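What follows is a single structure, written as structure tokens, with notes after it.
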Amino acid sequence: MFDNLKHKITTILDQKETSTDLRLQQVCELLRNTVPHYDWVGFYFKNGNKNELKLGPYAGQPTEHTIIPFGKGICGQVAISNENFVVPDVKAQDNYIACSLTVKSEIVVPLFLKGENIGQIDIDSNTLNAFSHEDERFLEFVNREVAKTLH
């Protein structure tokens, strides 16, 4: 499944005449509509010089978490750690920010540009233990491709 999606992702991101936000929106929608266990897909980006993340393009239910301070929740922790964070069961996480009562697991993968963590892709699933190493590798690929469009 992911190999087929990789080509679609690069095709979307290569559309230079389309705005970056619209391309990222299309990536979010493609992932949410194609991967059965991706129920919410979004990008968060560092908010200027502030130690916080700001919600960018996303696909799924609206969230009130449009600004997330560094260190708070899974996304905020990834902003500091610079490492992938896979949460098999959100109820088992002390520092989890609930976006929806239906979310059971989450994966957050940092997005690097020229070695700096500038944001992340955040995916929620309504399925327990939904994410595998294959998801991690695929989302790392997505973020590498996104970074090429942000240079």
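Here are the numbers for the structure shown:
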| quantity | calculated |
| --- | --- |
| The chain: radius of gyration and largest Cα-Cα distance (Dmax), Å | 14.2, 44 |
| Loop GluC sites (Glu not before Pro), the range 1-54 (other Cβ atoms within 10 Å of the site Cβ: 12 or fewer; DSSP) | Glu17 |
| Calculated [θ] (222 nm, deg cm²/dmol) that DSSP helices of n ≥ 4 give over the chain, each run adding -39,500 (n - 2.57) | -11500 deg cm²/dmol |
| Pairs of lysines in the range 1-105 (C-alpha under 22 Å apart; 8 or more residues apart or interchain) | 9 |
| Within the accessible area of the chain (1.4 Å probe), percent carbon and sulfur | 49 percent |
| Glu83-Asp3 FRET efficiency (beta carbon distance; Förster radius 25 Å; 0.05 resolution) | 0.50 |
| Relative packing of 32-40, 70-78, 85-93, which averages over residues the other C-beta atoms within 10 Å, highest first | 70-78, 32-40, 85-93 |
| 12 Å beta-carbon shell around Ala92, net charge (K/R +1, D/E -1) | -1 |
| Surface accessible to a 1.4 Å probe, per residue, for the residues of the range 35-151, Å² | 49 Å² |
| Lys/Arg +1, Asp/Glu -1 at C-beta; the range 1-128 dipole; positive extreme among Ile9, Asn84, Asn126 | Ile9 |
| Relative contact order [Cα under 8 Å, 6+ residues apart], the range 1-145, whole percent | 22 percent |
| Virtual spin-label span in nm between Leu113 and Thr10, 7 Å along Cα→Cβ | 2.2 nm |
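The values are calculated or read from the model by the stated rules, or taken from the named source; none is laboratory data. Only a predicted model underlies this, so the values are computations on that prediction, with no experimental measurement involved. When we count neighbours, we look across all protein chains shown, and the Cβ atoms used for this are built from the backbone with ideal geometry, even at glycine. What goes into the accessible areas is simple: the full protein's heavy atoms, side chains included, and nothing from ligands, DNA or RNA. Shrake-Rupley method; radii C 1.70, N 1.55, O 1.52, S 1.80 Å.
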